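Notes to accompany the following structure.
The values are calculated or read from the model by the stated rules, or taken from the named source; none is laboratory data. Computed from a predicted structure; not experimentally measured. Heads up, the Cβs are rebuilt from the backbone with ideal geometry, glycines too, and the neighbour counts pull from every protein chain shown. Remember, those area values only see protein heavy atoms, side chains included, never the ligands or the DNA or RNA. Shrake-Rupley method; radii C 1.70, N 1.55, O 1.52, S 1.80 Å.
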Amino acid sequence: MNELINFSAHEVEEWLVLNDVANKELYLISLLLLFAFLVVLLAKKYRIPIVVGYVFLGILLSPDIISIFSVIDSETVNMYTFVLSNLDYVTNIALAFIAFTIGSELSIKTLKRLGKSIFSIAIMESVLAFVVVTAALYFIGRPLYMALLFGAIASATAPAATVMVLKEYNAEGPLTSTIMAVVGLDDAFALIIFSLINPIAYSQYRGEGAIKLSEIIVLPLIEIFGAIILGLFFGYITQYLLTKFNEKTRKILTIVTSITLSSAVSIFFGLSALIANMSVGFAVRNFAKKNLEISEEMDTLTVPLYAMFFIIAGTEIRFSEMGSLSFLLIAFTYLIARIIGKVGGSTLAARISGAPEAVQKFIGFGLLPQSGVAIALAYSVQKQYVQDAQVGLLIFNTLLLTAAMTEVFGPLLTKYAVIQSGEGKID
């Protein structure tokens, strides 16, 4: 809301109280959860992944769609947009739980058994997505720095939708284990690629020559390995406490405290909260000497969080800023090139590394969703190129549109993969 700019903290607080913003957030959350309940009923009836329904609902509830209705005035739409943007903390918490879930699925035994293929697939699909997207965007006439940025962001895969589909269909087997491990490692590789490429692209944009080594190597390594160390520390303490507790209340509070505290400390020190929480989950799974029996509690805790996360992700789409033919060409090129890079790279790596047949056939279908980290990277580009707003806005809007599309068809392809491989179960 523009009227909040340059206001003091006291004036902002007064504005929030006068406009009843806290209660409006409560109204919106309750409404979204009600719609989520209806989505679950419809998704089960028509046998489509629930996450697809969540994202599609979010798109229907986006401010651009809401503003079409003449009975809703512009001031109400502005307030609705503001309240939606204030729910960012919900998506951050949801991503933290998603990262923890991925880490908790990565057992050392699985990594030893499938380690070679997992790391080969994660590296190959990330690098090939970067190369293919960069080449494709440069080929259609985009500046080199912009093509590099698009390519770096394309390497990221959103784990949330994929993990939710695997959980929904109770998928188990080498394909499922490989997908979970790859989408977990993918964020680390994406952060490395982006951290290496971003300063090069910005230097090329500004016409500069020299690039500091610390910007492309030291800082990214600190961010990633610092997050891993922090996560393992919190994870070790968490599993120790969980082995001592039998009461459900204590277990739940231990898990929630560990995940949220790990996120808060990571953000405070400029580390990756996703990688930190993956490490927490990994430590809880592998450091414990007995089965901690927390899967049921985690499934219960994450149902409303996942629902809110995907609905809010869908509302971020802005159709009013995506109408030009040049924009649609860029978005289409980015989408197709990324699919080629992800599917081609993962399939090639699976065959070279001798992965199980199901992995070779279907691994690429589980790596297509893109939101979360990719949108966060696009947002960081938008802030970096503030002096040339069109650059940041073009990249950000492209990611919003293509992410919304992959969040719809990506889970459908993940479902197809686990069902065809025989690892998923339909009730």
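Observations
- Residue among Ala188, Ala152 that is assigned to a helix (DSSP H, G or I) and either surrounded by 24 or more Cβ atoms within 10 Å (Cβ to Cβ) or on the phi > 0 side of the Ramachandran plot (or both): Ala152
- Hey, Ala417 hydrophobic (A, V, I, L, M, F, W, C) and open to solvent by less than 20 Å² (accessible area, probe 1.4 Å) or not: yes
- Pairs, first farther than 22 Å from Gly354 by Cα and open to solvent by less than 10 Å² (accessible area, probe 1.4 Å) in the range 156-182, second among the polar types (S, T, N, Q) and modelled with pLDDT under 85, C-beta under 6 Å, six or more apart: Ala158/Gln370; Ala158/Ser371; Val163/Thr101
- The range 43-87 - residue that is among the polar types (S, T, N, Q) and part of a loop (DSSP other than H, G, I, E, B) and, of those, surrounded by the most Cβ atoms within 10 Å (Cβ to Cβ): Ser62
- Tabulated pairs, the range 220-246, first in a helix (DSSP H, G or I) and among the acidic types (Asp, Glu), second exposed (fewer than 14 other Cβ atoms within 10 Å of the Cβ) and modelled with pLDDT of 90 or more, C-beta under 7 angstrom, 6+ apart or interchain: none
- Just one residue in the set Val132, Val165 is farther than 29 Å from Ala307 by Cβ, of a type in the set (A, V, I, L, M) and either part of a helix (DSSP H, G or I) or touching a strand residue (DSSP E or B) at 6+ places or on another chain (Cβ under 8 Å) (or both); that residue is Val132.
- The set of residues in the range 318-363 being open to solvent by 80 Å² or more (accessible area, probe 1.4 Å), touching a residue at least 24 places away in the same chain (Cβ under 8 Å) and within 30 Å of Met180 (Cα to Cα) consists of Ile340, Leu348, Ile352, Lys361.
- Among (1) in contact with a Leu (Cβ under 6 Å, 6 or more places away or on another chain); (2) within 25 Å of Tyr89 (Cα to Cα); (3) not acidic (Asp, Glu) - the single one Ala307 does not satisfy: (1)
- Of the residues making up the range 365-377, those that are small (Gly, Ala, Ser) and crowded, with 24+ Cβ neighbours inside 10 Å are Gly366, Ser371, Gly372, Ala374.
- Residues of the range 274-298 satisfying the condition of being surrounded by fewer than 19 Cβ atoms within 10 Å (Cβ to Cβ) and either among the polar types (S, T, N, Q) or within 26 Å of Ile59 (Cβ to Cβ) (or both): Asn286, Asn291, Ser295
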